1. When the accessible area of region 8-90 is computed with all protein chains present and a 1.4 Å probe, what percentage of it is carbon and sulfur?
2. Using 7 Å Cα-to-Cβ label points, what is the LEU34/HIS68 separation (nm, one decimal)?
3. Using the heavy atoms of the protein chains alone and a 1.4 angstrom probe, what is the accessible area of the chain per residue in square angstrom?
4. Assign one of three labels to the chain, namely rounded, prolate or oblate, based on the Cα gyration tensor with a ≥ b ≥ c the square roots of its eigenvalues; rounded applies when a/c is under 1.5, prolate when it is not and a/b is larger than b/c, and oblate otherwise.
5. For region 8-90, with only Lys/Arg (+1) and Asp/Glu (-1) charged at the beta-carbon, what is the dipole magnitude about the Cα centre, in debye rounded to 20?
6. Pull out the extension gain between ASP26 and THR14, defined as 0.36 nm times the separation in residues minus the alpha carbon to alpha carbon distance; nm, one decimal.
7. As a check on your grasp of the helix formula, calculate [θ] at 222 nm for the chain: sum -39500 (n - 2.57) over DSSP H runs of n ≥ 4, divide by the residue count, round to the nearest 500.
8. Mean separation of Cα pairs under 8 Å and 6+ residues apart, divided by the residue count of the chain: what relative contact order is that in percent?
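The values are calculated or read from the model by the stated rules, or taken from the named source; none is laboratory data. From a predicted model like this one, the values you see are computed outputs, not experimental measurements. Every residue, glycine among them, receives a Cβ derived from its backbone with ideal geometry; neighbour counts consider all protein chains shown. What goes into the accessible areas is simple: the full protein's heavy atoms, side chains included, and nothing from ligands, DNA or RNA. Shrake-Rupley method; radii C 1.70, N 1.55, O 1.52, S 1.80 Å.
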Amino acid sequence: MAERGMGYLRVGVTNGGCAGMEYVMDYASEPAALDEVVEDNGVTILIDAKAVLFLLGSELDYETTLLHEKFVFRNPNQTDACGCGESVTIVPAAAE
């Protein structure tokens with residue numbers, strides 16, 4: 001991220017794909033006014049305010065295998081995924 005002059009990774013969701021939603025990731029130079037800032041294990045990630053209820057309780061990991069290197073979302077709110085794995089169905093977490 002330092003090479004791109006950006007200090008953060010922003011994670012969110014958007015409508016799209018055959019299952020209804022897609023995870024999106026982008027670089028950000030600073031947090032937006034309503035971003036949720038999450039720090040864990042020395043890593044700071046920004047959660048887009050519109051995606052917080054969809055991503056609540058999620059874990060984001062980076063996976064390396066012989067066939068690929070990619071980010072993997074483990075989301076308890078995800079109820080389905082398309083066959084290719086590019087889009088998902090997510091039910092927002094209930095506000096307490």
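1. 50
2. If labels sit at LEU34 and HIS68, their model points lie 3.2 nm apart.
3. On the way: 6730 Å² over 96 residues.
Using a 1.4 Å probe on heavy atoms only, each residue of the chain averages 70 Å².
4. Details: a/c = 1.73, a/b = 1.18, b/c = 1.47.
Because a/c hits 1.5 or more and a/b fails to exceed b/c, the chain counts as oblate.
5. Using Cβ point charges on Lys, Arg, Asp and Glu, region 8-90 gives about 180 debye.
6. Numbers: separation 12, 0.36 × 12 = 4.32 nm, distance 1.24 nm.
Between ASP26 and THR14, full extension yields an extra 3.1 nm.
7. Computed mean residue ellipticity for the chain: -500 deg cm²/dmol.
8. 26
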